[in-house]
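See below for the structure under consideration.
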Amino acid sequence: MSGSAVPVQRPADTPGAMAEHTVVVAAASRHGSTRQVTRRLAAVLTADLSDRWTVREADLSDLRVLEGADAVVLGSAIYMGHWLRAATQALHQVKDAPLLDLWLFSTGPVSGDAVENAAVITADKSVESGCATEHMVFAGSLDTSTLRWWERLVVNIVKAVPGDRRDWTLIDAWGHSIAAQLTHAVAKQEPDA
Ligand SMILES: Cc1cc2nc3c(=O)[nH]c(=O)nc-3n(C[C@H](O)[C@H](O)[C@H](O)COP(=O)(O)O)c2cc1C
């Protein structure tokens with residue numbers, strides 16, 4: 001398989017099943033916590049969507065994972081105010097594609113303090129310009145034991161608080177909302193299907 005796309009398995013993905021639409025859930029992650037968010041979102045979409053959908057969960061080491069997608073859920077961890085490069089490149093690739101819909105998410109804030117992130121502003125602009133449907137910012141997870149020395153230095157300087165602040169209830173709710181919107185969009189496109 002090219003890149004590291006993982007089709008989420010379900011009975012409908014077995015030979016003979018007729019998936020007609022593909023939604024790709026992909027994110028750039030440096031320490032793995034954002035990747036866990038994509039896995040969770042993919043699991044929710046798989047549970048909610050009909051067997052006409054293939055849900056493909058992927059990292060962004062190879063942007064070909066985005067090829068053939070009818071809809072994309074794209075995210076990135078925020079580092080030093082910005083999305084990781086792979087996610088920025090992926091956004092550039094998909095923002096003008098004739099998708100059913102594009103959802104964006106950022107993971108980052110690890111304290112209660114409001115942080116001004118260029119990544120958030122950029123993603124919000126994609127929504128404002130109509131390229132993306134919605135942009136969500138999820139609290140992130142900071143495990144200082146996995147950081148490189150210079151990352152620890154940055155974390156100390158900005159006084160980021162270690163801990164896992166991901167809100168799985170919020171993440172699940174967003175997944176359910178995306179599934180509902182996709183189902184509605186397809187029903188509108190194919191009223192007699
Ligand atoms: C060196 C470093 C810089 C960070 N910079 C930001 C930042 O500018 N804004 C922010 O909201 N979060 C920042 N964070 C928090 C991360 O975005 C958060 O820990 C995220 O969940 C990490 O995702 P990952 O495990 O997928 O790499 C930073 C974390 C580290 C270690």
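Name the residues in the range 25-48 that are surrounded by 17 or more Cβ atoms within 10 Å (Cβ to Cβ) and farther than 30 Å from Thr144 by Cα, would you? Matches in the range 25-48: Leu45, Thr46, Asp48. Considering Arg56, Arg39, which residue is modelled with pLDDT of 95 or more and not in a strand (DSSP E or B)? When all the criteria are applied, what remains is Arg39. Scanning the range 95-117 for residues being touching a Lys or Arg at 6+ places or on another chain (Cβ under 9 Å), at pLDDT 75 or above and near the ligand (Cβ under 10 Å from one of its atoms) gives a total of 2.
Each residue in the range 59-99 was checked for being in a helix (DSSP H, G or I) and either over 21 Å from Glu20 (Cβ atoms) or free of Cβ contacts under 8 Å to residues at least 60 places away in the same chain (or both), and 12 pass. Taken over the range 138-178, residues that are surrounded by 11 or more Cβ atoms within 10 Å (Cβ to Cβ) and of a type in the set (S, T, N, Q) amount to 4. Yes or no: the range 81-91 includes at least one residue that is farther than 27 Å from Val154 by Cβ, of a type outside the set (S, T, N, Q), modelled with pLDDT of 90 or more and buried (at least 19 other Cβ atoms within 10 Å of the Cβ). Looking through the range 81-91, none of the residues is farther than 27 Å from Val154 by Cβ, of a type outside the set (S, T, N, Q), modelled with pLDDT of 90 or more and buried (at least 19 other Cβ atoms within 10 Å of the Cβ). When Gln181 is tested against (1) more than 10 Å from the ligand (Cβ to nearest atom); (2) surrounded by 14 or more Cβ atoms within 10 Å (Cβ to Cβ); (3) under 15 Å from the mean Cα position of the chain (by Cα), only condition (3) is not met.
The values are calculated or read from the model by the stated rules, or taken from the named source; none is laboratory data. Everything quoted here is computed from the prediction, not taken from an experiment. Glycine also receives a Cβ, built like all others from the backbone with ideal geometry; neighbour counts cover every protein chain displayed.
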